[in-house]
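The values are calculated or read from the model by the stated rules, or taken from the named source; none is laboratory data. Bear in mind that the values here come from a model prediction, so they are computed numbers and not experimental data. So basically every Cβ, Gly included, is an ideal-geometry build from the backbone, and we count neighbours across all protein chains shown. SASA here: full protein model, heavy atoms, side chains in, ligands and nucleic acids out. Shrake-Rupley method; radii C 1.70, N 1.55, O 1.52, S 1.80 Å.
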Amino acid sequence: GEPPLVRTAANLFKDLCYRYREDLTAGIIVAGWDKRKGGQVYSVPLGGMLVRQPVAIGGSGSTYVYGYVDSHFKEGMTKEECFQFCANTLALAMFRDGSSG
């Protein structure tokens with residue numbers, strides 16, 4: 001009973017996005033932590049490609065937070081710093097975009 005690896009979950013999304021590429025109109029972000037590779041972020045853009053990135057943003061509110069993310073994201077954040085970064089980013093997006101959150 002080990003939980004699945006983050007990359008395994010990301011690959012499942014990639015396969016689904018590729019299989020239903022004619023019907024889906026959204027990119028997917030898969031993020032998590034596992035014992036093998038620690039924290040990971042994967043982006044699955046339209047069409048079903050899989051890209052590992054240090055950080056990913058998307059959705060209708062993303063245009064409002066690019067500057068914040070560029071100036072506040074840093075590699076190697078602690079768990080608390082990461083939670084605070086995500087909470088602040090979401091709050092900024094939700095303040096400007098009623099569909100975010």
If we keep just the residues of segment 1-27 that are open to solvent by 100 Å² or more (accessible area, probe 1.4 Å) and assigned to a helix (DSSP H, G or I), which is nearest to residue 54 (Cα to Cα)? 7
Name the residue that is surrounded by the fewest Cβ atoms within 10 Å (Cβ to Cβ), counting only residues in segment 45-55 that are more than 20 Å from residue 82 (Cα to Cα) and of a type outside the set (A, V, I, L, M). 47
Boolean, residue 58 is loosely packed, with under 14 Cβ neighbours inside 10 Å, modelled with pLDDT under 95, touching a Gly at 6+ places or on another chain (Cβ under 9 Å) and assigned to a loop (DSSP other than H, G, I, E, B): yes
Quick one: count up the residues across segment 28-44 that are open to solvent by 30 Å² or more (accessible area, probe 1.4 Å) and among the hydroxyl-bearing types (Ser, Thr, Tyr). 0
Condition check: in a loop (DSSP other than H, G, I, E, B), within 12 Å of the chain's Cα centre (by Cα) and under 25 Å from residue 3 (Cα atoms). Does residue 31 satisfy that? no
Top-ranked residue in segment 61-97 [being hydroxyl-bearing (Ser, Thr, Tyr) and either in a loop (DSSP other than H, G, I, E, B) or open to solvent by 60 Å² or more (accessible area, probe 1.4 Å) (or both); ranked as nearest to residue 18 (Cα to Cα)]: 63
Residues (within 25 Å of residue 83 (Cβ to Cβ), polar (S, T, N, Q) and in contact (Cβ under 8 Å) with a residue 12 or more places away in the chain) located in segment 5-44: 40, 43
Go through segment 21-55 and count every residue that is at pLDDT below 90 and of a type in the set (A, V, I, L, M, F, W, C). 3
